[in-house]
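Student: Below you'll find the structure I mean.
The values are calculated or read from the model by the stated rules, or taken from the named source; none is laboratory data. On a predicted model such as this, the values are computed, not experimentally measured, just so you know. Quick reminder, even Gly has a Cβ in these numbers, built from the backbone with ideal geometry, and neighbours come from all protein chains shown.
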Amino acid sequence: MEQTEKVSVNVNPATLGQMDLLIDQGFFSSRTDLVNQAVREMLRRYEGTIQDTKERARRENRTWFLGICEIGEEELRQAWKQGNRIRLEGYGLLILPPELDDLILQQVESIRVRGKVICSLQVKEHFHL
């Protein structure tokens, strides 16, 4: 199941005209298709920066994600066995199942997410989300 978010973009009439010309010429199927392809191309251009950020987080012992991340019981119990607390950081959607609240409150040190966090009210309040 693919999760999508709507993003609104304002462009001037000349840019919009150029976009529509390329669509009419068959290069893109729609404005959405053109914008999606442009965004993917830009992300490929900056892939090194994204990889560097992931590597830095790994070296600093942070649990870092990009996209969708669900923290499970096994990961929380592993941290407990190792005597570690988890620092969750990322961009996208973080899912923390409410049935794991006790383990989350015990084993998660901090949560910093640019995006959305799905969790219980107790976890939201505890981590000021």
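Student: State all residues of segment 17-64 that are of a type in the set (Lys, Arg) and without any contact (Cβ under 8 Å) to a residue 24 or more places away in the chain; if no residue qualifies, say none. Can you show your working first?
Tutor: Applying the first criterion (of a type in the set (Lys, Arg)) to segment 17-64 yields 31, 40, 44-45, 54, 56, 58-59, 62.
Selection gives Arg31, Arg40, Arg44, Arg45, Lys54, Arg56, Arg58, Arg59.
Student: Sticking with this one: Among the residues of segment 63-73, write down those that are in contact with a Gly (Cβ under 9 Å, 6 or more places away or on another chain) and within 16 Å of Val108 (Cβ to Cβ). Quick ask: steps written out before the conclusion?
Tutor: As a first pass, look at segment 63-73 and keep what is in contact with a Gly (Cβ under 9 Å, 6 or more places away or on another chain): 63-69.
Passing the criteria: Thr63, Trp64, Phe65, Cys69.
Student: If you check Leu21, Leu66, Leu103, Leu34, which single one turns out to be at pLDDT 95 or above and touching a Phe, Trp or Tyr at 6+ places or on another chain (Cβ under 8 Å)? Break it down stepwise before answering.
Tutor: Numbers: Leu21 fails: touching a Phe, Trp or Tyr at 6+ places or on another chain (Cβ under 8 Å); Leu66 fails: at pLDDT 95 or above; Leu103 fails: at pLDDT 95 or above.
One residue alone meets the criteria, Leu34.
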